[in-house]
1. Could you estimate the translational diffusion coefficient of the range 2-134 from the Stokes-Einstein equation, with Rh from the Kirkwood formula over C-alpha pairs, at 4 °C and 1.567 mPa s, in whole µm²/s?
2. Per-residue ellipticity at 222 nm for the chain, helices alone: DSSP H runs ≥ 4 residues times -39500 (n - 2.57), over residue total, nearest 500 deg cm²/dmol?
3. Between E17 and T92, what is the label-to-label distance in nm when each label sits 7 Å out along the Cα-to-Cβ direction?
Amino acid sequence: MNCIDIYSFNFLRKRKEITYPTSMTYGDNILAMDNITQGKDYSFGAKLGKKASLKIVMSNLSVQTNTNFPKPVWFYSNQQGWTVSNYGSDDTQTFTSNKAGDVILDISFNGSPGSCKIDYYENSSSVTKTKTLNW
């Protein structure tokens with residue numbers, strides 16, 4: 001009986017599993033790293049189990065230091081498996097997974113110095129992890 005219970009537990013856990021590979025289609029994966037460089041392309045991705053859900057909220061913490069140049073910011077393209085909100089007037093953008101398996105997009109950071117906070121919502125409506133990236 002215990003084998004079935006353990007098997008069921010592991011099966012259900014895998015269905016909600018979320019992993020962040022260190023590298024994906026567009027290069028190093030920012031969701032798995034702590035340091036980035038301005039102007040370089042990165043992957044922004046995860047591998048999701050069949051019942052997993054992932055929402056990422058990025059908040060731009062950058063300050064516009066020169067009025068002749070725009071505020072440092074990120075740009076993305078080629079999204080696969082993400083629904084992406086418009087960049088908000090509150091300097092945030094939300095990335096919500098819309099499928100199981102690989103969810104990925106190409107992202108780069110421009111303007112220097114820049115900084116953003118990344119809030120992870122892993123199978124939850126509450127923040128499960130937070131980190132800050134500087135470029």
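Bear in mind these aren't lab numbers, they're just calculated from the coordinates by the rules spelled out. Computed from a predicted structure; not experimentally measured. Neighbour counts run over all protein chains shown; Cβ positions are idealised from the backbone, glycine included.
1. Result for D is 82 µm²/s.
2. Numbers: 1 runs with 14 residues, N = 135.
After summing the helix terms and dividing by residue count, I get -3500 deg cm²/dmol.
3. Each label point is offset 7 Å from its Cα along the Cβ direction, giving 3.1 nm.
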